[in-house]
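Remarks on the structure that follows.
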Amino acid sequence: MIVTPGLGDNSYLIASGGEAAVVDPQRDAGRFLAAAEARGVTIRYVLETHVHNDYVSGGTEIRAATGAAIAAPARGRYEFPIEPMAEGDELKVGDLRLRAMETPGHTPEHLSYLLFEEGSGAPAAVFTGGSMMVGSAGRTDLLGADLADELTRHQYRTLRRLATLPDPVQILPTHGAGSFCGSGPAEKDRTSTLGRERKRNRALRAPDEDAFVRQQLSGLMAYPTYYASMAPINRAGPRLLAGVPGPGPLTPEELAARQRAGVWVIDGRWRVPFARAHVPGSLNVELDDTFGSYVGWVVPFGEPLALVLPEPEKQSLHEAMTQLFRIGFERIEGYLDGGLDAWRGVGLPVDSYRTAGLEELCRAYRAGEVPHLLDVRQRTEWDAGRIPGSTHVFVGDLPARLDEVPRDEQVWVICATGHRAALATSLLDRLDIPVRLVEGTGVTDFLKHCPPAGHEGSQG
């Protein structure tokens, strides 16, 4: 299993008799090629469980590098050559057999793949993609409200069918903890067995189909806006990269010129140094595992970007580019050579704003000195508990709802830890809205340690 933490996804390398198959690879295919080389096996197949909505597939990259065939759902409407798979179709990898099982729900064309060891009539494992997940199931609303009810009913029947497999069968999903493709909280375990899932999977506990539909379509988190662009790219076949390209360095003057021409400047530094000094108009998306997802959430898909990177620049550039190319962002103009020190060194202006921790927020709130407190967490988090008097706009929705944010007095911005608040604060700052970032703490800490006078605990 090869995990992509920022996407919350698992990919798999199956090997037997010197041959291998890769299940649901991402676009940065070098790691799959390296894993196969380390095991001395030749990749014969790439298996796709469905047309992916959360990343650009690496199937064509692996095919270009190895000559492997891409086996994918026959109903996927792919626009490039594939080996079409439907119910009962089989492939051999060494001494292993892989049998397609139609499991619609997460998407209409979705397949799972049953893995049979040599001489066995019972499967040892099933690659479930976005059907059965550990503790939950893949969400069914990603293709729009018009299809959600129908797909959820398909998912109900798919899960009941998977539940007829023997208890020892390993459940090997693509989507897991950290993925927005799940319909509910996913457990930290990335794989399971059918026996364990029968006992604990919430998606298997619904008493009937209608109850399942209500359960699966309620309380869903928002998902990144870039998702809408992934399936068309994956159907058409993404542009081949043959590695992760590295854009060149930019002088401060070059970065300023590109920004004036409409290039988005994304600063991946930690939130506090960014707050102290940053390129005016830049966005603060911290370079962690979720960097790509949040850039893809707030920057219109396909727009040109330039980067300001944390040290060490070379490693940060590779990580940022890998995440951006996974989700189809290709117009990367370059990065600021020497970082903010170089920018300031030639006399270019910087912007800044103040930050606050829990103690300062608590003191100011009690004194009535927080005129506007903006909570940018997911709606499900807001519904579970909020600070009285605060307002809510999820950070991913903020670019389209900036007109709702007051501009007459300072806006304090809060989330759960400061990560999303940092992005939201920078979005407001680029419009010259007076802001204060609440960092290193969040709503839960506030409600626990600084309940407002006359209020105890969270307000639902």
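Summary table
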item: Enumeration of residues in the stretch 188-205 that are over 26 Å from A231 (Cα atoms), in contact (Cβ under 8 Å) with a residue 12 or more places away in the chain and part of a loop (DSSP other than H, G, I, E, B); result: D189, N201
item: Some residue of the stretch 41-63 being out of contact with any strand residue (DSSP E or B) (no Cβ under 7 Å at 6 or more places or on another chain), surrounded by fewer than 18 Cβ atoms within 10 Å (Cβ to Cβ) and not charged (D, E, K, R); result: no
item: R153 vs. criteria buried (at least 17 other Cβ atoms within 10 Å of the Cβ), outside the structural domain of W382 (by TED's automatic domain parsing) and basic (K, R); result: yes
item: Condition check for V213: outside any helix (DSSP H, G or I) and either closer than 30 Å to P280 by Cβ or under 26 Å from the mean Cα position of the chain (by Cα) (or both); result: no
item: Residue count for the stretch 156-191, restricted to those that are more than 22 Å from the chain's Cα centre (by Cα), of a type in the set (S, T, N, Q) and buried (at least 21 other Cβ atoms within 10 Å of the Cβ); result: 1
item: In the stretch 115-148, the residues that are out of contact with any Asp or Glu (no Cβ under 6 Å at 6 or more places or on another chain), surrounded by fewer than 21 Cβ atoms within 10 Å (Cβ to Cβ), closer than 20 Å to M101 by Cα and of a type in the set (A, V, I, L, M); result: A122
item: Matching entry among L114, L142, L162 (being touching a helix residue (DSSP H, G or I) at 6+ places or on another chain (Cβ under 8 Å) and farther than 19 Å from D54 by Cβ); result: L162
item: Helices (runs of 4 or more DSSP H) fully within the stretch 339-391 counting 1 or more residues that are surrounded by fewer than 18 Cβ atoms within 10 Å (Cβ to Cβ) and over 33 Å from the mean Cα position of the chain (by Cα); result: 339-345, 358-366
item: Identity of the residue in the stretch 24-47, in contact (Cβ under 8 Å) with a residue 40 or more places away in the chain and more than 21 Å from E187 (Cα to Cα), that ends up nearest to the chain's Cα centre (by Cα); result: Q26
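The values are calculated or read from the model by the stated rules, or taken from the named source; none is laboratory data. Everything numeric here is computed off the predicted structure, so don't read it as measured data. We place every Cβ from the backbone using ideal geometry, glycine too, and count neighbours over all the protein chains shown.
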